[in-house]
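Asks: Can you read through this structure? Questions will come right after.
The values are calculated or read from the model by the stated rules, or taken from the named source; none is laboratory data. If you're wondering where the values come from, they're calculated on a predicted model, not measured in any experiment. Note that each Cβ is placed from the backbone with ideal geometry, even for glycine, and that neighbours are counted across all protein chains shown.
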Amino acid sequence: MGILNVTPDSFSDGGRFMDRDQALQQAERMVLEGADILDIGGESTRPGAAEVAAEEEQSRVIPIIRALRKAHPDTALSIDTSKAAVAEAAIEAGAEIINDVTGLVGDPAMAGVAAATGAGLVLMHMKGVPRTMQVAPKYDDPVAEVREFLEGQGRRAHEAGVAHEHLVFDPGIGFGKGLEHNLQLLKHLDQFGIGGRPVLLGASRKSFISKVLETELNDLESRYWPTVALTAHAVGQGVRVVRVHDVKPNKEAARMMEAVLATK
Ligand code: HH2
């Protein structure tokens, strides 16, 4: 899953793809590099990010989704939003997956939109809200707590009419988690495929990598190769979708791991 942030303030690519042509070029590049899914987001969820009104978010993402639907009929399109109105408009414009980083907590209407449209639904775990989530997050047992949350939200989705086959689960690396929590979740990625459904991992270029490697927080490049290592690790743990900024090296790592895993 290639990331396309149509935002002025995303932590690693903010402002780069606000221009429609640049966004489409970046999408084209990711598809050529092997992305099977493009995840289009119009609101940054980085720690401390400001909230965006639904109309503004829609005006950023809907024209891009329409254009991508035409240009790349074989690529699945995912809308990264926690607002039901944005998700509904995005599905109408041609997206087929809703990526809700609040795991249905953000908008009570989201499950209904997923059920009514038959879209795929990514349920991610977040503790708190982006503005404050990195202020001393606490867990007794992060793996058990994240799993329990995802199970509960999976049930809620099901009760609202979302088919189990449409769900994907994501432990939400970096969303209300300290370094140790992120590492524990990464070590136990095989715990999050509730009911046999796929796990999605979004660790690409995230700041905990700089903490492990003791590189400068503004040195994003130092996070590229460690991201590839995490992709290989994730595929080894059975993760089916990796959400990344740099498609080519991550796709190659995934394919290499898949060849090893497929060998008897
Ligand atoms: N991470 C980000 C955004 N959306 N969706 C899922 N399912 N999982 C994630 O881990 C995830 C996500 C944050 O990364 P990014 O899009 O690069 O930055 P920003 O939120 O600043 O736009």
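Asks: Residue pairs, Cβ under 7 Å, 6 or more apart or interchain, first in segment 25-44 and acidic (Asp, Glu), second away from the ligand (no atom under 15 Å from the Cβ) and not in a loop (DSSP other than H, G, I, E, B). List them.
Replies: Note: pairs meeting the criteria are Glu33/Lys248; Glu33/Lys251.
Asks: Shifting gears a bit: Tell me the residue from Gly202, Gly174 that is in contact with an Asp or Glu (Cβ under 7 Å, 6 or more places away or on another chain), small (Gly, Ala, Ser), within 14 Å of the ligand (Cβ to nearest atom) and closer than 21 Å to Val235 by Cα, please. Even if it seems obvious, please write down each step before you answer.
Replies: Details: Gly174 fails: in contact with an Asp or Glu (Cβ under 7 Å, 6 or more places away or on another chain).
Just one listed residue meets the conditions, Gly202.
Asks: If you go through segment 11-41 one residue at a time, how many are more than 13 Å from the ligand (Cβ to nearest atom), outside any loop (DSSP other than H, G, I, E, B) and either among the acidic types (Asp, Glu) or over 21 Å from Ile98 (Cα atoms) (or both)?
Replies: The number of residues fulfilling the criteria is 7.
Asks: Still on this structure, please answer the following. Return the total of residues in segment 46-74 being under 16 Å from the mean Cα position of the chain (by Cα) and of a type outside the set (D, E, K, R). Even if it seems obvious, please write down each step before you answer.
Replies: The initial filter retains those residues of segment 46-74 that are under 16 Å from the mean Cα position of the chain (by Cα), namely 46-47, 61.
Right, trim to of a type outside the set (D, E, K, R) and you get 47, 61.
Total satisfying the criteria: 2.
Asks: Can you name the residue in segment 46-68 that is among the charged types (D, E, K, R) and within 16 Å of the ligand (Cβ to nearest atom) and, of all such residues, is surrounded by the most Cβ atoms within 10 Å (Cβ to Cβ)?
Replies: Glu57
Asks: Looking only at segment 58-73, how many residues end up being free of Cβ contacts under 8 Å to residues at least 40 places away in the same chain and farther than 28 Å from Thr231 by Cβ?
Replies: 5
Listed here are the residues, each with its yes/no results for (1) modelled with pLDDT of 95 or more; (2) part of a helix (DSSP H, G or I); (3) under 23 Å from Ala111 (Cα atoms).
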position	(1), (2), (3)
Glu165	yes, yes, yes
Gly174	yes, no, no
His181	yes, yes, no
Tyr224	yes, yes, no
Thr227	yes, yes, no
Thr231	yes, yes, no
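Asks: Now a separate question. If you go through segment 108-115 one residue at a time, do you hit one that is assigned to a loop (DSSP other than H, G, I, E, B) and at negative phi?
Replies: Checking segment 108-115: at least one residue is assigned to a loop (DSSP other than H, G, I, E, B) and at negative phi.
Asks: Continuing with the same structure: Taking segment 99-132 as the region of interest, how many residues are surrounded by 20 or more Cβ atoms within 10 Å (Cβ to Cβ) and over 23 Å from Ala76 (Cα atoms)? First the steps, then the outcome.
Replies: From segment 99-132, those surrounded by 20 or more Cβ atoms within 10 Å (Cβ to Cβ) are 99-104, 110-111, 113-114, 119-126, 130; that's our starting set.
Going one step further and asking which of them are over 23 Å from Ala76 (Cα atoms), we end up with 126, 130.
So the answer is 2.
Asks: Would you check if there is a residue in segment 134-151 being at pLDDT below 95, of a type in the set (A, V, I, L, M) and either over 30 Å from Pro63 (Cβ atoms) or surrounded by fewer than 16 Cβ atoms within 10 Å (Cβ to Cβ) (or both)?
Replies: Yes, that holds for at least one residue.
Asks: From the residues in segment 99-140 that are of a type in the set (Val, Ile, Thr) and farther than 21 Å from Gly195 by Cα, which one is nearest to the ligand (Cβ to nearest atom)? Spell out how you get there, then give the answer.
Replies: Initially, segment 99-140 is screened for residues of a type in the set (Val, Ile, Thr), giving 101-102, 105, 113, 117, 122, 129, 132, 135.
If we keep only those that are farther than 21 Å from Gly195 by Cα too, we end up with 113, 117, 129, 132, 135.
Values: Val113: 17, Thr117: 18, Val129: 13, Thr132: 15, Val135: 17 Å.
By that ranking, first place goes to Val129.
Asks: Name every residue in segment 233-248 that is farther than 21 Å from Phe17 by Cα and assigned to a helix (DSSP H, G or I), in order of residue number.
Replies: Within segment 233-248, the first condition is being farther than 21 Å from Phe17 by Cα, and the residues that meet it are 233-241.
Across segment 233-248, the qualifying residues are His233, Ala234, Val235, Gly236.
Asks: Could you give me the residue pairs with C-beta distances under 6 Å whose first residue belongs to segment 200-221 and is of a type in the set (Gly, Ala, Ser), whose second residue is part of a helix (DSSP H, G or I) wherever it lies, and which are 6+ apart or on separate chains?
Replies: Every condition considered, the pairs that remain are Ala203/Leu230; Ser204/Thr227.
Asks: Name every residue in segment 147-171 that is more than 12 Å from the ligand (Cβ to nearest atom) and either β-branched (Val, Ile, Thr) or in contact with a Cys (Cβ under 8 Å, 6 or more places away or on another chain) (or both), in order of residue number.
Replies: Within segment 147-171, just Val162 meets the criteria.
Asks: Scan segment 69-98 residue by residue and report those that are farther than 19 Å from Pro171 by Cβ, surrounded by 24 or more Cβ atoms within 10 Å (Cβ to Cβ) and either more than 15 Å from the ligand (Cβ to nearest atom) or hydroxyl-bearing (Ser, Thr, Tyr) (or both).
Replies: Thr81
Asks: Can you tell me which residue among Ile209, Ile194 is touching a Ser or Thr at 6+ places or on another chain (Cβ under 8 Å), within 16 Å of the ligand (Cβ to nearest atom) and not small (Gly, Ala, Ser)?
Replies: None of the others qualify; the one that does is Ile209.
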